There are 2 protein chains.
Amino acid sequence: MEGDMAKDAADKPVVGTDLGGTKILAGVVNESGKIVGMAKRATRAHEGVEQVVARIAKTILEAVSDAKLDRSDIAAACVVAPGPSNPDHGIVWSAPNLPGWEEVHLPDLLKARLDMPVFLENDVNLGTFGEFVLGAGKGYRDLVGIFVGTGIGGGLVLDGRLRQGFRYSAAEIGHMVILADGPVCGCGKRGCAEALASRTAIERDIWAGIRAGRESLIPEIMKREKREQIPSGALAEAYRGGDPLVTEVLARAQFYLGILVATCVNLIDPEAVILGGGVVEALGEEFLEPVRRVAYQYFMNKRDAKSVQIVRARLGDNAALLGAAMFARQKVSSK
Amino acid sequence: MEGDMAKDAADKPVVGTDLGGTKILAGVVNESGKIVGMAKRATRAHEGVEQVVARIAKTILEAVSDAKLDRSDIAAACVVAPGPSNPDHGIVWSAPNLPGWEEVHLPDLLKARLDMPVFLENDVNLGTFGEFVLGAGKGYRDLVGIFVGTGIGGGLVLDGRLRQGFRYSAAEIGHMVILADGPVCGCGKRGCAEALASRTAIERDIWAGIRAGRESLIPEIMKREKREQIPSGALAEAYRGGDPLVTEVLARAQFYLGILVATCVNLIDPEAVILGGGVVEALGEEFLEPVRRVAYQYFMNKRDAKSVQIVRARLGDNAALLGAAMFARQKVSSK
């Protein structure tokens, strides 16, 4: 009986929802993993928790309508947590971009309005899970996901299941220390991967080089920008233009990313490692090759080193939304 | 039916076997985790694989007799692998202390002689699993085991199961890089935890200090020893005697061990971390306290940092043997 219900749930569409500081996005995903309905609304966070919750519910129902479905056709929904949370207890502790959000029982509030199971998880975990089910990780048994952008985030899928961790804080990959006496990280410690290989770290080293008189294409490219933040696209433009400073700084980031990949693999021994995020997306395959080389060199298991798949993420901006939908499906299917 | 068989297996005694270069040890463990029979024989590795395998089988049967049991009373056995192996395929690839051992299908060879299921796993994985079921890790859901001796080894238990890894090479904890530009490790890379906090690394730094003219109790204590290797006991003696050089070198090792613990926790988020091995056993609780302090400081999850249990291993030399027995039990119980 339970087996039958689980089978039913696996065949029914699910909803993934992304809750940001400016917009709410909902997508209905069918049994083949295709988005068949979408809806978007402004968050208007200043109106307070109750109003935003009501708007999330509306957005979800609009996506269901857009898919020409009824809410009774939907097996479950999952919201990408807008900040630190306890997924099993369904609590959002806080949300940096949503003023007033403190200890909000978001899934319960939505369940009351939608009459369907609602789940919660963080964005990089869901992004990794999305890649696992529908993207670059399809068909692998285990996965470490590493996303390089403003910071470095990650996720773990072990034996087909998201590793959330005993305190729901697994996969803080950006804060694994790989150079204990290295530069200070945003978290206050020294030598975290994020302080060595994130876009922020790369940008810091490029500006330091320019201030020290090194030549670079970056000042010219950056005339368009109104701030010191170097977008991944500008990095890619300078890199492809053969900028020696940018190439040198990126080589350092690639070295540390390779060590980070190897350190994760030496601990977890997953089937594959997926690299994604703004920096990896903008710089592409030629950025990844040196990362792979360093990683293979640092793996302890020499016998099977090359069998560790190190691949680029495929789902881009949709990863967390698709991951949320797939996570909701796994949750109701495995009950 | 299968459920009944599994229940039977969980109630029957199991055998753990340790195969070393000089001796073979077998222990029968009853349903309450107590050793109820033991046997020991010389390995005599020079006589070749066949002879050693026959001797392992004999030792196991002697342990069974010592427990006043019959081989039909035994649910299964597990051998601690004497070198790199593939546990699921039951292959020992090689064994540094057993000449001639190359691609030996040890479990199959033993099964043929013993007529019971026989399993294989490596020593630190089994030591961690032993601590999980019967030692310091009893009652926890997840565990990272870190063993500090001549090298640094480790094991992972996640959601109650040993994480063996996709290539059976998970938990190479000694080769996680935490100081990328640090000293060269035995593995050839720089900055592995093992090159910073193992007994070998501690010993290297102490001799370097002494050569540089620093005062220390070590030369006096070491007059008894015939080699440069500083045993953990000698370290403990100097540490308790207030040796300033040894205290300083150990403080550095404690700092790096704290970072190693935090880096594992930031990736895995286990319920507990168990620290064991010769160095930790000899130096005891006062060695562990600074390790804990650094680890708590480096955890990313500040909300629940103190809930990470960092405890000392309890099973000592018996950990791998007991772990082997418990691993055999879990294997036949979960079939």
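The values are calculated or read from the model by the stated rules, or taken from the named source; none is laboratory data. None of the values given here were measured: they were computed from a predicted structure. Glycine also receives a Cβ, built like all others from the backbone with ideal geometry; neighbour counts cover every protein chain displayed. These area figures cover heavy atoms from the full protein model, side chains too; ligands, DNA and RNA do not enter into them. Shrake-Rupley method; radii C 1.70, N 1.55, O 1.52, S 1.80 Å.
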message: If packing is taken as the average number of other Cβ atoms within 10 Å across a peptide's residues, how do B:254-265, A:301-312, A:54-65 rank, most packed first?
response: B:254-265, A:54-65, A:301-312
- prompt: Once label points are set 7 Å from the Cα along Cα→Cβ at both B:ALA112 and A:LYS23, what is their separation, rounded to one decimal in nm?
  reply: 6.7
message: Taking the square root of 5 times each eigenvalue of the Cα gyration tensor, what semi-axes in Å does the equivalent ellipsoid of the protein assembly as shown have, largest first?
response: 45, 34, 22
- request: Would you mind working out the accessible area per residue for the protein assembly as shown, using a 1.4 Å probe, and quoting it in Å²?
  value: 41
- request: Compute the label-point distances linking B:GLY316 to its equivalents in the other copies; points lie 7 Å from Cα along Cα→Cβ; give nm, one decimal, shortest first.
  value: 6.3
query: With charges only on Cβ, +1 for K and R and -1 for D and E, what is the dipole size of the stretch A:167-206 about its Cα centre, in debye, rounded to 20?
result: 120
message: Please report the antiparallel percentage of DSSP beta bridges with both residues in the protein assembly as shown, rounded to the nearest 5.
response: 60
- request: Starting from the exponent 0.38 and prefactor 2.2 Å, build the expected Rg for the stretch B:109-187 from its residue count and divide its actual Cα Rg by it.
  value: 1.32
Three-way shape label, the stretch B:172-248, alpha-carbon gyration tensor, a/c 1.5: prolate
- line: Rounded to the nearest 10 Å², the 1.4 Å probe accessible area of B:LYS138 is 130
- prompt: What does the stretch A:87-148 give for Rg and for Dmax, in Å, if only its C-alpha atoms count?
  reply: 14.7, 41
field: Surrounding net charge for B:LEU283, when Lys and Arg each add one and Asp and Glu each subtract one, Cβ distance under 12 Å
entry: -2
- request: Could you compute the FRET efficiency for A:ARG293 and A:SER72, with r as their C-beta to C-beta distance and R0 at 60 Å, rounded to 0.05?
  value: 0.70
- line: So, over other residues within a Cβ distance under 12 Å of B:ASP123, counting Lys, Arg +1 and Asp, Glu -1, the net charge is -3
query: How do A:ILE230, B:ILE35 stack up against each other in accessible area, from largest to smallest, with a 1.4 angstrom probe?
result: B:ILE35, A:ILE230
query: Based on the Kirkwood radius over alpha-carbon pairs, what value in µm²/s does the Stokes-Einstein equation return for the translational diffusion coefficient of the stretch A:1-119 at 25 °C and 0.890 mPa s?
result: 170
- prompt: Roughly how many Å is it from the Cα centre of the stretch A:195-249 to that of the stretch B:50-123, as a whole number?
  reply: 59
- request: Return the lysines within reach of B:LYS68: Cα separation strictly under 18 angstrom, same-chain partners fewer than 8 residues apart disregarded; answer none if there are no such residues.
  value: B:LYS12, B:LYS34, B:LYS40, B:LYS58
- prompt: Using a label position 7 Å from Cα in the Cα→Cβ direction, what is the ascending list of nm distances from A:GLY139 to the same site in the other copies?
  reply: 4.7
- prompt: Which order do B:PHE147, B:PHE166 take when ranked by solvent-accessible area (1.4 Å probe, heavy atoms of all protein chains), largest first?
  reply: B:PHE166, B:PHE147
- prompt: Over the stretch B:56-170, how many percent of alpha carbon pairs lie in each 5 Å bin up to the one with the longest distance?
  reply: 2, 11, 18, 19, 19, 17, 11, 2, 0
- prompt: Dipole of the protein assembly as shown (Lys/Arg Cβ +1, Asp/Glu Cβ -1, origin at the Cα centre): which of B:GLY27, A:VAL29, B:ALA313 lies farthest to the positive side?
  reply: B:ALA313
- prompt: If Lys and Arg each add +1 and Asp and Glu each add -1, what is the summed charge of the other residues whose beta carbon sits under 11 Å from the beta carbon of B:ALA136?
  reply: +2
query: Mind checking which lysines have their C-alpha under 27 Å from B:LYS226, skipping anything on the same chain fewer than 8 residues away?
result: B:LYS23
query: Across peptide B:159-169, how many C-beta atoms of other chains are within 10 Å of each residue C-beta, on average?
result: 6
query: Under the Kirkwood approximation for Rh and a Cα-based Rg, what ratio Rg/Rh is obtained for the stretch A:232-285?
result: 1.05
message: Quick check for me: using +1 on Lys/Arg Cβ and -1 on Asp/Glu Cβ, what's the dipole size of chain A about its Cα centre, in debye to the nearest 20?
response: 280
task: Any chance you could run the full-extension gain for A:ARG161 through A:ARG214? It's 0.36 nm times the residue separation minus the Cα-Cα distance, nm to one decimal.
output: 14.3 nm
field: Estimated inter-spin distance, A:ARG240 and B:GLU102, nm [label 7 Å along Cα→Cβ]
entry: 5.1
- request: Kindly identify chain B as rounded, prolate or oblate by the Cα gyration tensor criterion: order the square roots of the eigenvalues as a ≥ b ≥ c, call it rounded if a/c is under 1.5, otherwise compare a/b with b/c, prolate if a/b is larger, else oblate.
  value: prolate
- line: To the nearest 0.05, the calculated FRET efficiency linking B:SER32 and A:ALA251 through their beta-carbon distance, R0 being 56 Å, is 0.45
